[in-house]
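The values are calculated or read from the model by the stated rules, or taken from the named source; none is laboratory data. Bear in mind that the values here come from a model prediction, so they are computed numbers and not experimental data. Cβ placement follows ideal geometry from the backbone for every residue including glycine, while neighbour counts extend to all protein chains displayed.
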Amino acid sequence: MAAGGVAAGAAAGAIAQAIKASGVLVSLDPAEFLKIVDRVPDPLVVAATGGLFTKNYQYLVGYKGLAFYTKSAEPLQLPGSADVIAAKGIWIPG
């Protein structure tokens, strides 16, 4: 794995650990999620697809110590500055 991949994996792991430790996860509609992503200088976005009967697109990003999550029926148009990590899935508690 390249050094960038290791760093991105570590960052994604840090987001997951933060959620476990604090339990703080903010669920937003896709338009509000994109507004948060636009505020982050170099966003690291974890993306996955899910759904049993209907495919959906799930996204997670960290900002100012909180983790923000959204689910969309269509893929989101993320900014070019986003470092996107393709995950097998995103599990959201509750």
Leading residue by the ranking (surrounded by the most Cβ atoms within 10 Å (Cβ to Cβ)) among those in region 57-94 that are of a type in the set (A, V, I, L, M, F, W, C) and in a strand (DSSP E or B): VAL61
Residue hits (region 60-92; of a type in the set (Phe, Trp, Tyr) and out of contact with any helix residue (DSSP H, G or I) (no Cβ under 6 Å at 6 or more places or on another chain)) are TYR69, TRP91
Which of the numbered conditions does LEU34 fail, given that it passes all the others? Conditions: (1) surrounded by 14 or more Cβ atoms within 10 Å (Cβ to Cβ); (2) within 18 Å of ILE92 (Cα to Cα). (2)
LEU28 vs. criteria in contact with a Ser or Thr (Cβ under 6 Å, 6 or more places away or on another chain), at pLDDT 95 or above and not charged (D, E, K, R): yes
Within region 37-56, can you find the residues that are surrounded by 14 or more Cβ atoms within 10 Å (Cβ to Cβ), out of contact with any Gly (no Cβ under 6 Å at 6 or more places or on another chain) and either among the hydrophobic types (A, V, I, L, M, F, W, C) or assigned to a helix (DSSP H, G or I) (or both)? VAL37, VAL40, LEU44, VAL45, VAL46, ALA47
